[in-house]
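Read the structure below first, then the notes.
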Amino acid sequence: PLHEAGLPKGLFNVIQGDRDTGPLLVNHPDVAKVSLTGSVPTGRRVAAAAAGSLKHVTMELGGKSPLIVFDDADLDSAVGGAMLGNFYSTGQVCSNGTRVFVQKAVKAEFLKRLKARTEAMLIGDPMDEATQIGPMVSWAQREKVVAYIEKGKAEGATLVAGGGIPNNVSGEGYYVQPTVFADVTDDMSIAREEIFGPVMSVLDFDDEDEVITRANASEFGLSGGVFTADLTRAHRVVDRLEAGTLWINTYNLCPVEIPFGGSKQSGFGRENSLAALEHYSELKTVYVGMGPVAAPY
């Protein structure tokens, strides 16, 4: 129990419930602060409910984050970053870099290495230490992901790896193959909508200005990443990307010391670090007079 570690009894409570439990908590007069990690539609409902009593609210919502690979990047590292930014936790991570923009000069080699490493991933029981990718959280989520894979095929993307439900996994679980699409365009469903599953979209680009414009053309603004050997360019690019959390030559690393959170439809406020603690406190101002009051009247 947490109180044995020094927390006062009653400070931390876990309440389980159904879809009616959340509104009761958000509307309760004794709840002063609401923090939500969830979808954009849920975030809008929670923010509207909290506004009725002017509760403090922070939200970490959805994402469709760009991961940009320039032609001078270490390709093995960039492939590893793309896989970490798409397949970690079976793709069920809000910050995942699911739009992988690769400069045209290295696109073919990037896809070759990505395909080989993706197809070699071991799918299986998450309790087995050898497993590299486990099941989806539910049957409904697996069906949603599979439907997006079919949309990708129907809209003209090129299937590079995966693309369905594996038939060689023993035991229970709602599994989906780690899936990579190439030749994805900005208007495709798999490039615009959050899938929340192991589906990577690879898009190509010519130059820096172009990719920044396309990367920012999204309602989301949670995260983003850049792989390049030119750190000056890396900092220039991340400065122009409209996202709250950005990585250079790595992806999805979130030590507790750094703030994490998004912008635009991806929410507001920050998790981790001192920035998060500030959302759970209020400044109190006290002015102490040290002499007689010299009133002008």
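Go through (1) part of a helix (DSSP H, G or I); (2) without any contact (Cβ under 8 Å) to a residue 60 or more places away in the chain for Asp71 and report which single condition fails.
Of the numbered conditions (1) part of a helix (DSSP H, G or I); (2) without any contact (Cβ under 8 Å) to a residue 60 or more places away in the chain, the odd one out for Asp71 is (1).
Let me confirm something: among Ser35, Ser65, which residue is among the polar types (S, T, N, Q), surrounded by 15 or more Cβ atoms within 10 Å (Cβ to Cβ) and under 30 Å from Phe110 (Cβ atoms)? Steps first, please.
Details: Ser35 fails: under 30 Å from Phe110 (Cβ atoms).
Answer to the check: Ser65.
Write out, first by first residue and then by second, each pair whose Cβ atoms fall under 6 Å of each other, whose residues are 6+ apart or on separate chains, and whose first residue, in the range 174-196, is more than 18 Å from Gln92 (Cβ to Cβ) and among the hydroxyl-bearing types (Ser, Thr, Tyr) while the second is modelled with pLDDT of 95 or more and surrounded by fewer than 23 Cβ atoms within 10 Å (Cβ to Cβ).
What qualifies is Ser189/Lys151.
What are the residue pairs meeting all of these: first residue in the range 43-61, first residue under 25 Å from Val93 (Cα atoms), second residue hydroxyl-bearing (Ser, Thr, Tyr) and surrounded by 13 or more Cβ atoms within 10 Å (Cβ to Cβ), Cβ atoms under 6 Å, and 6 or more apart or on different chains?
Qualifying pairs under 6 Å: Thr58/Ser35; Glu60/Thr37; Leu61/Ser266.
So that you can scan it fast, the table gives a plain yes or no per residue for (1) within 21 Å of Pro259 (Cβ to Cβ); (2) at pLDDT 95 or above:
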| residue | (1), (2) |
| --- | --- |
| Ala32 | no, no |
| Gly38 | yes, no |
| Pro41 | no, no |
| Glu60 | yes, yes |
| Val79 | no, yes |
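All but one of (1) touching a strand residue (DSSP E or B) at 6+ places or on another chain (Cβ under 6 Å); (2) within 19 Å of Gly91 (Cα to Cα); (3) surrounded by 23 or more Cβ atoms within 10 Å (Cβ to Cβ) hold for Phe227; which doesn't?
For Phe227, the failing item is (2).
Out of all the residues in the range 24-42, which are over 30 Å from Asp239 (Cβ atoms) and in contact (Cβ under 8 Å) with a residue 40 or more places away in the chain?
Lys33
So if I check each of Gly52, Gly43, Gly22, which one is surrounded by 18 or more Cβ atoms within 10 Å (Cβ to Cβ), farther than 23 Å from Leu222 by Cα and not aliphatic (A, V, I, L, M)?
Values: Gly52 fails: surrounded by 18 or more Cβ atoms within 10 Å (Cβ to Cβ); Gly43 fails: farther than 23 Å from Leu222 by Cα.
It is Gly22.
Would you kindly identify the helices (runs of 4 or more DSSP H) lying entirely within the range 85-197 that contain at least 1 residues that are loosely packed, with under 15 Cβ neighbours inside 10 Å?
Passing ranges, in order: 107-119, 139-154.
Restricting attention to the range 256-278, does a residue exist that is hydrophobic (A, V, I, L, M, F, W, C), outside any strand (DSSP E or B), in contact with a Ser or Thr (Cβ under 9 Å, 6 or more places away or on another chain) and within 29 Å of Val146 (Cβ to Cβ)?
If we filter the range 256-278 for residues that are hydrophobic (A, V, I, L, M, F, W, C), which is where we start, we get 256, 258, 260, 268, 274-277.
Of the ones still in play, those that are also outside any strand (DSSP E or B) are 256, 258, 274-277.
Of the ones still in play, those that are also in contact with a Ser or Thr (Cβ under 9 Å, 6 or more places away or on another chain) are 256, 258, 276.
Within this subset, residues satisfying the condition of being within 29 Å of Val146 (Cβ to Cβ) are none.
Among the residues of the range 256-278, not one is hydrophobic (A, V, I, L, M, F, W, C), outside any strand (DSSP E or B), in contact with a Ser or Thr (Cβ under 9 Å, 6 or more places away or on another chain) and within 29 Å of Val146 (Cβ to Cβ), which makes the answer no.
Could you list all residues from the range 254-269 that are within 14 Å of the chain's Cα centre (by Cα) and within 15 Å of Phe220 (Cα to Cα)?
Selection gives Phe260, Gly261, Gly262, Ser263, Lys264, Gln265, Ser266, Gly267, Phe268.
Hey, Ala215 hits all of (1) free of Cβ contacts under 8 Å to residues at least 60 places away in the same chain; (2) in contact with a helix residue (DSSP H, G or I) (Cβ under 9 Å, 6 or more places away or on another chain); (3) buried (at least 18 other Cβ atoms within 10 Å of the Cβ); (4) within 24 Å of Ala73 (Cα to Cα) but one; which does it fall short on?
(1)
Among the residues of the range 256-279, write down those that are surrounded by fewer than 16 Cβ atoms within 10 Å (Cβ to Cβ) and touching a strand residue (DSSP E or B) at 6+ places or on another chain (Cβ under 6 Å).
Residue satisfying the conditions is Ser263 alone.
So which pairs qualify, if the first residue must be in the range 254-274 and farther than 21 Å from Tyr88 by Cβ, the second must be among the hydroxyl-bearing types (Ser, Thr, Tyr) and in a loop (DSSP other than H, G, I, E, B), the Cβ gap must be under 8 Å, and the two must be at least 6 apart or on different chains?
Here the result reads Lys264/Ser218, each pair linking the range 254-274 to a residue that is among the hydroxyl-bearing types (Ser, Thr, Tyr) and in a loop (DSSP other than H, G, I, E, B).
Looking only at the range 138-173, how many residues end up being of a type in the set (Phe, Trp, Tyr) and either free of Cβ contacts under 8 Å to residues at least 12 places away in the same chain or in contact with a Gly (Cβ under 8 Å, 6 or more places away or on another chain) (or both)?
Residues in the range 138-173 being of a type in the set (Phe, Trp, Tyr) and either free of Cβ contacts under 8 Å to residues at least 12 places away in the same chain or in contact with a Gly (Cβ under 8 Å, 6 or more places away or on another chain) (or both): 1 in total.
Out of (1) part of a helix (DSSP H, G or I); (2) surrounded by fewer than 15 Cβ atoms within 10 Å (Cβ to Cβ), the odd one out for Leu253 is which?
Of everything listed in (1) part of a helix (DSSP H, G or I); (2) surrounded by fewer than 15 Cβ atoms within 10 Å (Cβ to Cβ), Leu253 misses just condition (1).
Yes or no: the range 118-138 includes at least one residue that is within 25 Å of Asp186 (Cβ to Cβ), at pLDDT 95 or above and not small (Gly, Ala, Ser).
yes
The values are calculated or read from the model by the stated rules, or taken from the named source; none is laboratory data. Remember, predicted model here, so these are calculated numbers, not experimental data. Glycine gets a Cβ as well: all are built from the backbone with ideal geometry, and neighbour counts include every protein chain shown.
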